[in-house]
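Peer 1: Below is the structure I would like to discuss, written out as structure tokens.
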Amino acid sequence: MDALAPCLLLLLLLLALPLHLLDLLGCWQPLCKAYFPYLMARLTALTNKKIEGKKRDLFSQIKDLKVTSRKVALLELGCGTGANFQFYPPGCKVTCVDPNPNFEKFLTKSMAENRHLEYESFVVAYGEDMRELADSSMDVVVSTLVLCSVQSPKKVLQEIRRVLKPGGVLFFWEHVAEPRESLAFLWQRLFEPTWKRFGDGCHLTRETWKDIERAQFSDVQMEWQPPLFRCLPVGPHIMGKAVK
Ligand SMILES: C[S@@+](CC[C@H](N)C(=O)[O-])C[C@H]1O[C@@H](n2cnc3c(N)ncnc32)[C@H](O)[C@@H]1O
């Protein structure tokens, strides 16, 4: 199998050659940023249907948090289309951060559909550098399917800790790598270069649980969930919370 892997990789790269060429020429990124929100709008509906109960349980914990202000200051990191708004309890004041401004149209629609929330702002920024947000300003940060796509999970987690108030909570749901020795992991490695292009930077083989565990939160709780769609090379999910 070890010898077969580079051959399969080469074949995949050849098949995806036009895509990689466009990327080299700098034409792919703008195209990808334009279509990705449409793709996510579709995918969100599908994934939310599958994971609805789990998300509801996770985010219902927000109403039990002891916060000092009247409203729960919540940062939706890598907000995309606003896939999680429907699961937040009333009384949240939501700040959205995403580097792709093309999500705004979809966000506006989600906001209009979720009037139980108050919306603070949509900040176009990378999670690695959220200088627009003050230190210790958030009660809650939410990251769902984001740490797979960022440049540096380590820097993003540092920024999350910076903006969280002491005792503030990061809620996460992320897909991660299959076990290293498995055939599924080999497939992930083969698909990753092409997948990343189509999926706006999404990595398949990140061991994100390690980044979260190393990020110096005072308490981390996570559960593992099987892959959502067996037909895709996307691995299992981790869901949980990390307390600053
Ligand atoms: C797969 S989508 C998930 C969107 C949404 N959180 C959800 O659960 O549907 C990944 C999101 O992360 C955003 N993203 C990519 N790189 C990022 C970065 N460095 N910092 C913050 N968000 C980023 C993308 O623009 C996109 O909105």
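Peer 1: Quick one: if you stick a label point 7 Å off each Cα along the C-beta vector at CYS7 and LYS105, how many nm between them?
Peer 2: The modelled label-to-label distance comes out at 4.6 nm.
Peer 1: Also, I was wondering about something else. To the nearest 0.05, how large is the calculated FRET efficiency for SER137 and ASP219 if R₀ is 25 Å and r is the Cβ-Cβ distance?
Peer 2: Taking R0 as 25 Å, the efficiency between SER137 and ASP219 is 0.75.
Peer 1: In which sequence would HIS116, HIS237 go, from the one with the fewest C-beta neighbours within 10 Å to the one with the most?
Peer 2: Lowest count first: HIS116, HIS237.
Peer 1: So what are the stretch 131-236's ellipsoid semi-axes, whole angstrom, largest first, if each one is the square root of 5 times an eigenvalue of the alpha-carbon gyration tensor?
Peer 2: So the three semi-axes of the stretch 131-236 are 28, 15, 11 Å.
Peer 1: For the stretch 4-243, what is Rg from Cα atoms divided by 2.2 N^0.38 Å, rounded to two decimals?
Peer 2: 1.02
Peer 1: Related question: Identify unpaired cysteines across the chain, taking unpaired to mean no other cysteine Cβ lies under 4.7 Å from the residue's Cβ.
Peer 2: CYS7, CYS27, CYS32, CYS92, CYS148, CYS202, CYS231
Peer 1: ARG42 versus GLU118, label points 7 Å from Cα toward the beta carbon: distance in nm?
Peer 2: 3.8
Peer 1: Compute the long axis of helix 153-163 from its Cα atoms, compare it with the longest principal axis of the Cα atoms of the chain, and write down the angle in degrees, 0 to 90, nearest 10.
Peer 2: 10
Peer 1: In which sequence would VAL141, VAL146, VAL124 go, from the one with the fewest C-beta neighbours within 10 Å to the one with the most?
Peer 2: In order of increasing Cβ crowding within 10 Å: VAL124, VAL146, VAL141.
Peer 1: Compute the length gained on full extension between ARG180 and LEU31: take 0.36 nm times their separation in residues and subtract their Cα-Cα distance, giving the result in nm to one decimal.
Peer 2: Taking ARG180 through LEU31 to full extension adds about 50.3 nm, to one decimal.
Peer 1: Using Cα centres only, tell me the gap between the stretch 153-205 and the stretch 1-66 in whole Å.
Peer 2: Using only Cα atoms, the two centres lie 11 Å from each other.
Peer 1: Sort PHE217, PHE85 so that the residue with the fewest other Cβ atoms within 10 Å of its own Cβ comes first and the one with the most comes last.
Peer 2: Fewest-to-most Cβ neighbours within 10 Å comes out as PHE217, PHE85.
Peer 1: How big is the antiparallel share of DSSP beta bridges in the chain, given as a percent to the nearest 5?
Peer 2: So the antiparallel bridges amount to about 40 percent of the total.
Peer 1: As a quick test, which of the pairs LYS50/LYS109; LYS71/LYS244; LYS71/LYS154; LYS50/LYS154 have an alpha carbon distance above 25 angstrom in this structure?
Peer 2: Table pairs above 25 Å Cα-Cα are LYS71/LYS154; LYS50/LYS154.
Peer 1: Which value in nm describes the separation of the simple spin-label points at LYS50 and LEU15, placed 7 Å from the Cα toward the beta carbon?
Peer 2: The modelled label-to-label distance comes out at 2.0 nm.
Readers should treat all values here as calculations from the given coordinates under stated rules, not as data from a laboratory. As the structure is a computational prediction, the values presented were derived from the model and not from experiment. We place every Cβ from the backbone using ideal geometry, glycine too, and count neighbours over all the protein chains shown.
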